[in-house]
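Down below is the structure, laid out as structure tokens.
The values are calculated or read from the model by the stated rules, or taken from the named source; none is laboratory data. Fair warning: this is a prediction, and the values are worked out from it, not measured in the lab. Note: ideal-geometry Cβ built from the backbone for every residue, glycine included; neighbour counts use all protein chains shown.
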Amino acid sequence: MGAMSRSAKALLATLAVLLLAPAAAGAAQPLPIDGGDATLILDGKLRRTLDAAGAELEPLKPAHRLEKTIVLPLKAEGGFELRFGTGYAFLRGGLRLRAGGRSVAVRRLVLNTAKKRLSGRIAGRPVTLAATDEVRAYRTGLGLLVKVGSLRLTSAAADLLGAKLRQPDLFRPHRLLGRVTLGAQLFTVPVTKGTIDFSLDDGFVQKLTGLGVSVVPYGPATLLSAAPLTFSFGELRGEIDPQFEHGSVISTKEQGLSLIQPGSPESREVTWRGIGIGFENGFGTEGSDVVTASWTVPLGLSAGPTLGQIEFGASPSYDGKGETFTAPRTPATLSPYAVKPLNDAFAGGKEAFKAGEPLGSFSFVAFVD
């Protein structure tokens, strides 16, 4: 998938969630979903009533029947917050009722757990199909299971279905329709803690040393090793998707690395704070990632957030039992956007640092919320 389509998909999914289901003040924001299924289990009494009347309930593609249930795939739109399952999902396909030689279609189904209702279009007319007071949510590794029970037909839906089929007693207001079990794949999952380890390349360190530049921890960053020069940054935050194509993980801006060059009348210092990994497509090959940091540079200089280019690919693994992502040590090169700030700060503008030269290697452990 190209950089534009991946970024656009992430943006559109997030905008859809924020625009259509804004979170209440102080509530957790819903997370975009990336597909899944909703299974409709018809109430037994209603099913027997339909059978006795010779009525049939059929799925409309791509929905399909699975034993006594109807499975409706989810669109990669909408989203849910994780604790209570508050949010909404668009269901693909639909339902068709046949009775006495007549039929009526129910399409464009939307399950909205924030408003506790299932809505759609009956014969092209928008209507709230059923309402409920029972919504429960459960985390399932990198997804979410939402159980919606006691869905009862609204008066508007019951009257409209009965009128279209010319069987007004077939559906009654507040009659139990059934329940829905929704299994959603999350577009990204939140990260609430973890660590990033950064081992600087020996050649990069030697170049800094030759310019009189030393590297020291900033804030609570930890020195792990002097050879190779390795630091650890904790308190990760962010989000990541199961395919490692979206989101980012980042340490706090209270920690990082300071690159210090003593001098007269004053020393020069560059600080990288909030070191992180961005999983959206970088500026290299497809699937490339970026190393990011918030730069502090000497007065009169400027720098962007990109520190390096790295390509984890599909190497990070997920441990469902421990709910952790682990990425092995992976080499990174110096970003073209990081070259000028370093040269200006420490080499008097000369070409001491070059884009694409080895920067070091990164690994991380990220714990899913």
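Could you please find all residues in segment 57-81 being out of contact with any helix residue (DSSP H, G or I) (no Cβ under 8 Å at 6 or more places or on another chain) and in contact (Cβ under 8 Å) with a residue 40 or more places away in the chain?
Correct list: E58, L60, L74, K75, F80, E81.
For T192, only one of the following conditions fails: (1) crowded, with 17+ Cβ neighbours inside 10 Å; (2) part of a strand (DSSP E or B); (3) touching an Asp or Glu at 6+ places or on another chain (Cβ under 8 Å); (4) not aliphatic (A, V, I, L, M). What is its number?
(1)
Please specify each residue of segment 49-101 satisfying the condition of being part of a helix (DSSP H, G or I) and either of a type in the set (D, E, K, R) or within 29 Å of the chain's Cα centre (by Cα) (or both).
Residue satisfying the conditions is D51 alone.
Of all residues in segment 76-93, how many are over 10 Å from T113 (Cα atoms), modelled with pLDDT under 95 and surrounded by fewer than 23 Cβ atoms within 10 Å (Cβ to Cβ)?
5
Is it true that L46 is under 25 Å from E134 (Cβ atoms) and surrounded by 17 or more Cβ atoms within 10 Å (Cβ to Cβ)?
Considered against the rule, which asks whether it is under 25 Å from E134 (Cβ atoms) and surrounded by 17 or more Cβ atoms within 10 Å (Cβ to Cβ), L46 comes out as yes.
What tally of residues in segment 134-162 results from selecting those that are touching a strand residue (DSSP E or B) at 6+ places or on another chain (Cβ under 9 Å), surrounded by fewer than 17 Cβ atoms within 10 Å (Cβ to Cβ) and over 26 Å from K321 (Cα atoms)?
Summing the residues that are touching a strand residue (DSSP E or B) at 6+ places or on another chain (Cβ under 9 Å), surrounded by fewer than 17 Cβ atoms within 10 Å (Cβ to Cβ) and over 26 Å from K321 (Cα atoms) in segment 134-162 gives 4.
Quickly run through segment 216-227 and pick out the residues that are in contact (Cβ under 8 Å) with a residue 40 or more places away in the chain and part of a loop (DSSP other than H, G, I, E, B).
G219 - this is the single residue of segment 216-227 that is in contact (Cβ under 8 Å) with a residue 40 or more places away in the chain and part of a loop (DSSP other than H, G, I, E, B).
Please go through (1) surrounded by fewer than 20 Cβ atoms within 10 Å (Cβ to Cβ); (2) modelled with pLDDT of 95 or more for V180 and return the number of the only condition it doesn't satisfy.
All conditions pass for V180, except number (1).
Looking at segment 338-358, can you tell me whether even one residue there is small (G, A, S) and assigned to a strand (DSSP E or B)?
no
Listed here are the residues, each with its yes/no results for (1) surrounded by fewer than 22 Cβ atoms within 10 Å (Cβ to Cβ); (2) free of Cβ contacts under 8 Å to residues at least 60 places away in the same chain; (3) of a type outside the set (S, T, Y); (4) assigned by TED's automatic domain parsing to the domain that holds P242.
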position	(1), (2), (3), (4)
F283	yes, yes, yes, yes
T296	yes, yes, no, yes
Q309	no, yes, yes, yes
Y318	yes, no, no, yes
R329	yes, no, yes, yes
L334	no, no, yes, yes
Y337	yes, yes, no, yes
A352	yes, no, yes, yes
L359	no, no, yes, yes
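Of all residues in segment 302-350, count the ones that are under 15 Å from F364 (Cα atoms) and among the aliphatic types (A, V, I, L, M).
So the answer is 4.
Going through G263, G219, G183 one at a time, which residue ends up being within 28 Å of the chain's Cα centre (by Cα) and either more than 30 Å from A137 (Cβ to Cβ) or small (G, A, S) (or both)?
Numbers: G263 fails: within 28 Å of the chain's Cα centre (by Cα); G219 fails: within 28 Å of the chain's Cα centre (by Cα).
So the residue among G263, G219, G183 that is within 28 Å of the chain's Cα centre (by Cα) and either more than 30 Å from A137 (Cβ to Cβ) or small (G, A, S) (or both) is G183.
Under 28 Å from the mean Cα position of the chain (by Cα) and either within 25 Å of F353 (Cα to Cα) or hydroxyl-bearing (S, T, Y) (or both): does that describe T209?
Taking the combined requirement at face value, the residue does not satisfy it.
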